[in-house]
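J.: Okay, handing you the structure first.
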Amino acid sequence: MPVCRPCGKYSNVMYGDSCPYCGQMDWAAESHYTPKDYKPDLNLSCGNCKAIRVFSGEPLKCNVCVWVLNTPEPSRAPSIVTSSKHNKAPDGAGAAGVVVGGLGCLIFVTLTFGALWLLIAIIKWMWTNS
């Protein structure tokens, strides 16, 4: 990205275009010229947002929630989990659920391979009888 020599700002323009900030056409390549006050933005993990965000400034702050890097993470209120006896499965249902789930998967795989075999058999029959 070229740097405007008069104003020292980076701009995503072609070298023949004028600077959108000062209007001059005096460009320098980024690798040869760096303004004194340029600090690149960083993508870091925000302790408040719990996501990768852009950090800039001194000290580094999240551009979304203004959380300062390397400060303690804010405490979050514990989530309220409601439990009732109506939502719980009976104690013996765990093993039965595993067996039923396993049988369901076995039936699905059998039907899938059976359909594939039938498709191949039809194509082979059409190939030999054409």
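J.: Filter region 1-16 for residues that are exposed (fewer than 12 other Cβ atoms within 10 Å of the Cβ) and either modelled with pLDDT of 70 or more or under 20 Å from residue 65 (Cβ atoms) (or both) and give the result. So that I can check it myself, show each step before the final result.
T.: Taking region 1-16 as the starting set, the residues that turn out to be exposed (fewer than 12 other Cβ atoms within 10 Å of the Cβ) are 1, 12, 14-16.
Scanning region 1-16 gives 12, 16.
Here's the yes/no breakdown for (1) surrounded by 10 or more Cβ atoms within 10 Å (Cβ to Cβ); (2) closer than 30 Å to residue 12 by Cβ; (3) modelled with pLDDT of 75 or more:
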site: 32; (1), (2), (3): no, yes, no
site: 49; (1), (2), (3): yes, yes, yes
site: 54; (1), (2), (3): yes, yes, yes
site: 73; (1), (2), (3): yes, no, no
site: 80; (1), (2), (3): no, no, no
site: 84; (1), (2), (3): no, no, no
site: 108; (1), (2), (3): yes, no, yes
site: 112; (1), (2), (3): yes, no, yes
site: 129; (1), (2), (3): no, no, yes
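The values are calculated or read from the model by the stated rules, or taken from the named source; none is laboratory data. Here the structure is a predicted model, which means the values were calculated and not measured. Here the Cβ is made from the backbone with ideal geometry for all residues, glycine too, and neighbour counts use every protein chain on show.
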